[in-house]
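In what follows, a structure is listed as structure tokens, so that the remarks can point back to it.
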Amino acid sequence: MDAAGVGKINTISQAVFEGMTPRTQKECLSISTTGPWPGGCKCNVNENCISRECYTSKAPGPNRDQRRCATERVEGVTGLDILYDDFHQKTMGSMQASDFRRSCGQNYSCPDNEPGCSTRCYLFDSDAFLVMDPEFVVASDLEENKYVRVQLGTKEGEVMKDLIYKHKFFIRKEDIDFQGSCRITPEAPKVTLEGIPKNPEKKDDYTKNKGPIPKFNSEFGCIQDLVRYKANNTALGPSGMLTGNVSGPCMSGFYYVIALPKTNLYLLVVENWNAYKATLFYNFNCKITRSIVNSGAYRILNGTCAHEDKSTSTLAQQGRCPATRDLVLPCKFVSRASSLSQTYIAVTITMVLAWLQASLFR
């Protein structure tokens with residue numbers, strides 16, 4: 001959401017590196033034969049460089065007009081904010097099919113001549129976060145959880161699962177955060193009492209001037225299991241494209257995945273996309289399919305998969321229980337004709353014996 005409150009935006013940014021030192025191939029090999037190399041050396045991928053940035057530079061030097069490493073020092077960052085609606089319309093307009101068939105967002109009949117199929121197009125980054133989704137256009141500006149950091153697995157779980165386990169395109173990485181933040185109540189749109197959305201400036205002013213009574217805070221500290229995914233460009237192969245046919249509890253269709261040059265974005269096109277209509281009131285299988293391929297921060301509780309029980313045996317098996325003694329308790333019969341005093345004495349003796357037994361077993 002834009003800081004000035006104009007709506008949803010996309011930010012395109014690029015790091016500005018310090019001017020690189022011209023280096024010949026001989027100089028680079030003298031520094032390292034296998035890499036990574038410093039700024040000015042030839043490279044093919046980002047991993048070849050110390051700065052993790054390999055690009056084509058027009059700067060003078062022996063490697064002009066060739067891909068070479070940027071320097072390690074960043075001078076600044078340049079960025080451009082684009083309204084999401086404009087970004088979405090221009091991107092979708094540039095992907096119209098030449099024969100106007102099966103373009104992005106177009107509906108048509110399925111291969112079995114049944115209606116209901118369409119073409120879905122997405123843009124996602126190297127961390128599997130969606131940058132363009134047809135549902136972002138209709139999402140309310142106030143409900144940031146519907147368009148900010150939305151995972152590809154949330155929308156296309158079958159495709160995401162195929163990219164992880166079949167093509168090895170996404171690599172799963174897992175960490176534990178001991179200073180995580182959990183919520184008591186679900187996230188809701190941030191509005192004032194009048195119903196007007198607050199931009200970041202108004203939220204800061206409200207925080208400073210909210211008065212002596214603190215505002216209710218639904219967040220609390222917790223230990224979390226952090227799950228994330230990272231794209232592996234080598235999985236695209238020589239063709240630079242991944243294809244596959246998926247059919248699962250959520251949807252079915254044929255997909256294409258390709259990298260966009262000079263960006264960290266990837267294009268996903270799903271043809272013959274057909275949503276599965278569950279016969280039950282809620283499609284639990286679809287929910288599970290999407291949940292297992294989503295990244296996020298999940299609270300670790302005793303009994304969950306992330307909880308590990310280090311104990312290998314019980315206290316009795318470790319010999320840490322106290323020794324016990326066998327006591328023979330006398331059994332006495334009190335007749336109905338017995339007096340109240342005799343009954344009281346018998347009950348007292350029984351209670352004393354029980355207390356003595358409990359004391360011995362401590």
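The values are calculated or read from the model by the stated rules, or taken from the named source; none is laboratory data. If you're wondering where the values come from, they're calculated on a predicted model, not measured in any experiment. Positions of Cβ are backbone-derived with ideal geometry, glycine not excepted, and every protein chain shown enters the neighbour counts. Calculation scope for accessible area: heavy atoms of the full protein, side chains included, ligands and nucleic acids excluded. Shrake-Rupley method; radii C 1.70, N 1.55, O 1.52, S 1.80 Å.
Just checking, how many residues over the range 42-58 are exposed (fewer than 13 other Cβ atoms within 10 Å of the Cβ), in a loop (DSSP other than H, G, I, E, B) and not aliphatic (A, V, I, L, M)?
Of the residues in the range 42-58, the ones exposed (fewer than 13 other Cβ atoms within 10 Å of the Cβ) are 44-45, 47, 56, 58.
From what is left, the residues that are in a loop (DSSP other than H, G, I, E, B) are 44-45, 58.
Those still in the list that are not aliphatic (A, V, I, L, M) too: 44, 58.
Counting residues in the range 42-58 that are exposed (fewer than 13 other Cβ atoms within 10 Å of the Cβ), in a loop (DSSP other than H, G, I, E, B) and not aliphatic (A, V, I, L, M) gives 2.
Test Ala128 against the criterion of being surrounded by 13 or more Cβ atoms within 10 Å (Cβ to Cβ), at positive phi and either among the aromatic types (Phe, Trp, Tyr) or touching a residue at least 60 places away in the same chain (Cβ under 8 Å) (or both), and give yes or no. Working first, answer last.
On the way: surrounded by 13 or more Cβ atoms within 10 Å (Cβ to Cβ): yes; at positive phi: yes; either among the aromatic types (Phe, Trp, Tyr) or touching a residue at least 60 places away in the same chain (Cβ under 8 Å) (or both): yes.
Criteria met by Ala128.
Of all residues in the range 92-103, how many are loosely packed, with under 11 Cβ neighbours inside 10 Å and of a type in the set (Ser, Thr, Tyr)?
Looking only at the range 92-103, we keep the residues that are loosely packed, with under 11 Cβ neighbours inside 10 Å, and these are 93-94, 98-101.
In the following step, the residues that additionally are of a type in the set (Ser, Thr, Tyr) were identified as 94, 98.
Counting residues in the range 92-103 that are loosely packed, with under 11 Cβ neighbours inside 10 Å and of a type in the set (Ser, Thr, Tyr) gives 2.
Being under 30 Å from Pro200 (Cα atoms) and open to solvent by less than 80 Å² (accessible area, probe 1.4 Å) narrows it down to one residue among Gly61, Gly39, Gly35, Gly7; which is it? Write out each step before concluding.
On the way: Gly61 fails: under 30 Å from Pro200 (Cα atoms); Gly39 fails: under 30 Å from Pro200 (Cα atoms); Gly35 fails: under 30 Å from Pro200 (Cα atoms).
Within the list Gly61, Gly39, Gly35, Gly7, the selection yields Gly7.
What strands (runs of 3 or more DSSP E), lying completely within the range 238-338, carry at least 2 residues that are more than 27 Å from Lys173 (Cβ to Cβ), of a type in the set (Gly, Ala, Ser) and modelled with pLDDT of 85 or more? Full working, then the answer.
Working: elements: 241-247, 251-259, 265-275, 296-299.
Those strands (runs of 3 or more DSSP E) span 251-259.
Filter the range 71-91 down to residues that are within 28 Å of Glu271 (Cβ to Cβ) and out of contact with any helix residue (DSSP H, G or I) (no Cβ under 8 Å at 6 or more places or on another chain) and give me whichever is surrounded by the most Cβ atoms within 10 Å (Cβ to Cβ). Talk me through it step by step, then tell me what you get.
Here is the first cut: in the range 71-91, the ones within 28 Å of Glu271 (Cβ to Cβ) are 82, 84-91.
Still in the list and also out of contact with any helix residue (DSSP H, G or I) (no Cβ under 8 Å at 6 or more places or on another chain): 82, 86-87, 89-91.
Details: Ile82: 13, Asp86: 11, Phe87: 19, Gln89: 12, Lys90: 10, Thr91: 16.
Only one residue tops the list, namely Phe87.
Please go through the range 10-24 and pick out each residue that is farther than 30 Å from Asn145 by Cβ and either touching a Ser or Thr at 6+ places or on another chain (Cβ under 8 Å) or open to solvent by 80 Å² or more (accessible area, probe 1.4 Å) (or both). Full working, then the answer.
Looking only at the range 10-24, we keep the residues that are farther than 30 Å from Asn145 by Cβ, and these are 16-24.
Val16, Phe17, Glu18, Gly19, Met20, Thr21 - these are the residues of the range 10-24 that are farther than 30 Å from Asn145 by Cβ and either touching a Ser or Thr at 6+ places or on another chain (Cβ under 8 Å) or open to solvent by 80 Å² or more (accessible area, probe 1.4 Å) (or both).
Rundown of residues vs (1) in contact with a Gly (Cβ under 8 Å, 6 or more places away or on another chain); (2) more than 30 Å from Lys8 (Cβ to Cβ), yes/no style:
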{"site": "Pro38", "(1), (2)": "no, yes"}
{"site": "Lys42", "(1), (2)": "no, yes"}
{"site": "Pro62", "(1), (2)": "no, yes"}
{"site": "Ala70", "(1), (2)": "yes, yes"}
{"site": "Val74", "(1), (2)": "no, no"}
{"site": "Leu80", "(1), (2)": "no, no"}
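Out of all the residues in the range 135-159, which are touching a helix residue (DSSP H, G or I) at 6+ places or on another chain (Cβ under 8 Å) and closer than 26 Å to Phe100 by Cβ?
Across the range 135-159, the qualifying residues are Glu135, Phe136, Val137, Lys155, Val159.
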